[in-house]
Structure formats: C-alpha cells, structure tokens
1. Among B:157-166, B:210-219, how do they line up from the highest to the lowest mean number of other beta-carbon atoms within 10 Å?
2. Run the reach check for B:LYS142 against lysines, Cα to Cα strictly under 29 Å, same-chain hits fewer than 8 apart removed. What comes back?
3. Can you bin every Cα-Cα distance in segment B:335-450 into 5 Å intervals starting at zero and give me the percent of pairs per bin, rounded to whole numbers?
4. What span do the alpha-carbon atoms of chain B cover on each of the three principal axes, reported in whole Å from largest to smallest?
5. When the gyration tensor of the protein assembly as shown is built from Cα positions, what are the square roots of 5 times its three eigenvalues, in whole Å, from largest to smallest?
6. Using Cα-Cα distances under 8 Å and only pairs 6 or more residues apart, what relative contact order does segment A:2-116 have, in percent?
7. Kindly identify segment B:48-101 as rounded, prolate or oblate by the Cα gyration tensor criterion: order the square roots of the eigenvalues as a ≥ b ≥ c, call it rounded if a/c is under 1.5, otherwise compare a/b with b/c, prolate if a/b is larger, else oblate.
8. Determine the shielding of peptide B:358-368 by partner chains: average, over its residues, the number of Cβ atoms on other chains within 10 angstrom of each Cβ.
Amino acid sequence: MNTNNSSNTVELPLYQLAHGRAGDKGNTSNISVIAWDAECFALLAEQLTEAKVAQWFSYRHPTKVTRHILPKLEAMNFVLEGVLDGGVNDALNLDTHGKGLSFWMLDLPITVPAALAAKLEVKEYS
Amino acid sequence: MHTEISDPMANHSPSSETKGLKPLYVGCATGFSGDRTDGAGPVVDTLIALGGGVLNFETLAERTLALAQVEKRKNPAMGYEPLLDDLVGPVLKRCLDHNIQIVSNFGAANPQACAQRIFALARAQGLRTPRIAVVHGDDLTKPEQLTFLLKRLGSDIDPKRVVSANAYLGAGEIAQALKDGADIVVTGRVSDPSLTLGPAIAHFGWSMQDWHLMGCGTMAGHMLECGTQVTGGYYSVPGQKSVPGMDCLGFPIAEIRADGTFSVFKAANTGGRVDDRTGREQILYEVHDPARYLTPDVVADISQATVTREGKDRILIQGVTGHQRPDELKVNVCYDNGYFAEAEISYAGFQAKERAALAGETIRKRIGHLLPLRVDLIGALSIFGDDAGELMAQGYAGASRDVRLRVAGVHLQKEIAEKILREVTALYCCGPAGGGGVRTSLRPRLDTLSCTIPREAVPSGFSFVQEQRA
C-alpha cells in the first residue's frame, strides 16, 4: 500500500474494493465492477469514471467506454468497444474472448481514505 | 411461498394449488458445447424431488453452429451436439418417468438428426417413445436467403465461402410445442434465455405481449444459460472468493413464480456456491446497457434489479422488468476466412525472457513481411497484451525464469500461414540456447458477420417428429 503525501489517503488496487467479471460480444468487452460494500461503491462511483477506465485500457484503443451504474446492486457495468482486436473470430490473442480483462481492470489504483483502507485487507468473503 | 432448499418437498402441495400457478422449476446442465457432461444427474434428481420441471442444455456458442454445419456437410446424419449421448443418455429415463421436459439447442445444424438419435437412445434403453418437437426456420442458407443476407450486410464475399447463416429465434415455438405435449424440444439457433422463457410461457400461460413477464422469464434464463457461472464457476479467487467443491460444481435451477420473480439455487448434494456475489457477477455477464438487454422476445431491463440471499446457496432476484421486443431478429453469418496458425517454444533459467524475446524477433525478421504476427512471452506477458504489441513495447512484461514464446498469425493462403509452424520448429537448431517443447497447430479460420432482418424473412415454426427406424 502506497501512502500519499497528505498521508490521509492511500492507493489500493481495485480488487480490494470490488470484484468483477468480463464478458464479450463481438469486438466489445463488458466488465462488471461490483463493490464489496456501500462505502466502497460510493468511492468507486466518484473515482472509477469512464475517462479513468478509458485511460487504463488506452493501449487497446477503445473506440468508446460507457459506464452503467446499478445502485441497487452496488455495481457498475463498463462497456468497452473495440478493445478485443476483433473478438473471438479475429483476434490473435490466446484469450480471444478477453476473459482475463476483468483482472486488468481489478489492478486499477484507487485513492482510498486511510480509515477505509484499514478495513479493506483482502480476506475471504463469506 | 418459497420452498426450503433443505427440504425440497416442504410446502409442496400441488393438489391445493391452481394448475399452472405453482412455481416452475427449470434446471440447466451445460453452459456451452464442451462443458462438463455429468451435470444433469444431480439436477434431474433435484427436479424429481420437487415434482418435475424442465431441463435445459445450452450448447451453442457463436461459432459452434458453423462447426456443426461443417460436420453435417461431411455426413448428413451429423451436425448436432457431438456429446449428445453423454448429455441425454444418463438422464433420459428419469426425465420421461418423472414429467421433466428437456428443452435444448443441441440440435445445432441438424435438429432432425438429433431427434432421431434421441429416439434411438430411448429404444436402446427400452423406454417409451418420447414425443419430440423440432424447431425450424433459423437456418437461412438457401441460395435466395444468402443473397438477401449478404446484400443486407453489404458484403461482397463469395456465397460459396458461407458456412452457416442462422437467425436467433425466440421462445414462441418452444412454448407452443410444450403446450402441445412435447417431452423434448430440440432447437437449432434460438436466443439462449428463450430455452427457459418458452417453458415459463407454456407453464403459466403468460401472454407474449406482457413485456414485464417476458423480461422476468428472460432474465431467469440468462442466469441459467451459462450453467455453473452462477453457482461458483468462473468465480473463484483463492483467499478472497473461494468456492467449495470445484470438482463437483452443482448446476443451477431456477424456481420461477407466476408473478415473474424467481430464485436460483443449485442441484442438491453438489459443490459450488450461490450467493449475492455469484448472482451479481452473472446477472451482468455479457450485458451492455442494463436497461436494454435485447433478445427476440423482449428488451429486458435489470437496471432496478436486486439479487439477495434467500438461504444457503439460494438467491432471490426481484425488480426485473421488460419493454417491447425488437422489431427485427439478429442473424449470424459464418464464413471461411483463411487459416489460423500458432506455434510455441519454451525457454527457462537465466535470461529466459531475453532468449524468448530474441527468438520472437528472429521470427519477425524471417517472415514478418509475409503476414502480421503476434508474439507473446507466456509467463511474462501474454493475454493482457494487444495484438499490435503496444503493451509489450511499453515494457510491461515482468521478470520470469520460465517463458514460453508463442507466435500466431492468419492468412488466406494455407502455405503462408504454415510458415509460422515451420519457422518456430526450426528454432530447435537455429534459435537461442536451450529452446524446447515446440508445439504447432494450423486450423481453418471462421469469421462471423452479424445483422438484423425483418421477422417476416425468418420462416420459424416447429413440428413433431416421427421416429424413422433403419
């Protein structure tokens, strides 16, 4: 965990605040980001913007990134168009579906208040 | 009234309920062609304990149907799900004996031949002759249909290269076949959730213009269609999201009620987990706009849906609705598009990544001018990377002492694609030090085009099939 200059916040990888799953249709990937709790969801709604996700996936040159918010599921659904090198038929990638891309998303750094971060160690969900 | 999972028969009193208004139980025993084939047994046993229901097998991914067409061309009696015997054989008797209808797209490119094979399985087991209905009309490969489709797509490909062309049909034919008494409904291409919605329409007598109920039944099907992806598959991260019994994951069953709400649980005496987390991951799987999930039957809307725990390994889904169905039907056209080649070789020990990278550069210099190549360093950077190698060029590949070089490419000409195999194989002698374990593969490449067409252009229907004894 990296402590910021202010020392009131720290940077944590997204997977400490949320889990998610990738799916594909053609050349479009959708990646769900499901917060572990309401406090994480509020923080992600503020920070995990379309622009930030587009930047994180910039090496795949998305033609469009759309965020759909689902407050009742404390989740968001990102739709990334044009990121699969053509998708299951065209891509040369071993992972033509982009099944692994949720784990690229889950490494994205999020700035978290130290008090919240202290509660977010990775632990078994039950 | 919710049935307790610990005692499936609790509260079950069909005599006191209006016929057709008791819950419908639909289980799904495969999520794709190539899934485990032993999932159906526990699902069927659980359905029997619940007094009957419907068993789905979802077996058609986007390209599966094109591969089935290739098989049908080689042998007119083939072209349906190749693992049909393993899927249906072990449960056919129990289904016929206990009022469990089987509804599946395992007919693929040849539903008629699939039906005949099921008749043969029943006869071999000494069972009564099942009433089998076949849904037809999805196959659009007649010359005039192809001409229409290619014009619609604005494509100038030679129709001879087209391998398959199928419309996604909806739930209507399935529902009517069940109302007419089918034990088994065999389809080719239908929208996956329609395999569940059809039985719900037949069971409850839902109007197909009741968009709310169509949305609910569709999302019940959506939760089931990927098999174990809602019961602990495609989910586990050890230490964070563990799943017990990954070797015997239970396949899912939905309890659908007349008002459209539904619960999802898993077959009894199996591994896996069903909770608000597995449920939320699956309800959003392959969804784009949550308020507009398009199927032939409805535009389903989960923007206000909730997924809550209802008991151990059981969730309740509420708040789903739907809007008027799309005017047109989606069609996929698959066509031959050259050859896909890939080849691999491994390097381990000091400078492993550097030796693998040198091997990749060597291949690029040898044949990079003939076709676009993708180079992966498996163990350092592979699936996160893009085909153009931008992430690799940014230096993202991590340190590794055990790296497998992978080179992949496609070309219309087989002999050009084959050069990847030959050049990687030659690295045994001509490559960097210590390269071993070459594996190569070359296969025809299929590509897909999609469009929508008016419903009137799709002659969908169903018919009951007579057994043809050889």
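1. On the way: B:157-166: 18.4, B:210-219: 25.8.
Final packing ranking: B:210-219, B:157-166.
2. Cα-Cα hits under 29 Å: A:LYS25, B:LYS72, B:LYS74, B:LYS151, B:LYS160, B:LYS330, B:LYS414.
3. 2, 13, 22, 23, 19, 12, 5, 2, 1, 0
4. 79, 56, 46
5. Numbers: eigenvalues 322, 213, 99 Å².
They are 40, 33, 22 Å, listed from largest to smallest.
6. Details: 214 pairs, mean separation 42.8, N = 115.
So the answer I get is 37 percent.
7. Working: a/c = 4.02, a/b = 2.32, b/c = 1.73.
The shape class here is prolate.
8. Numbers: counts 0, 0, 0, 0, 0, 0, 0, 0, 0, 0, 0.
Whole-number average of other-chain Cβ neighbours for B:358-368 is 0.
Every number here is computed from the coordinates shown, using simple stated rules; none is lab data. This one's a predicted model, so the numbers in the text were calculated from it and none came from an experiment. Virtual Cβ from ideal backbone geometry, glycine too; neighbours counted across all protein chains shown.
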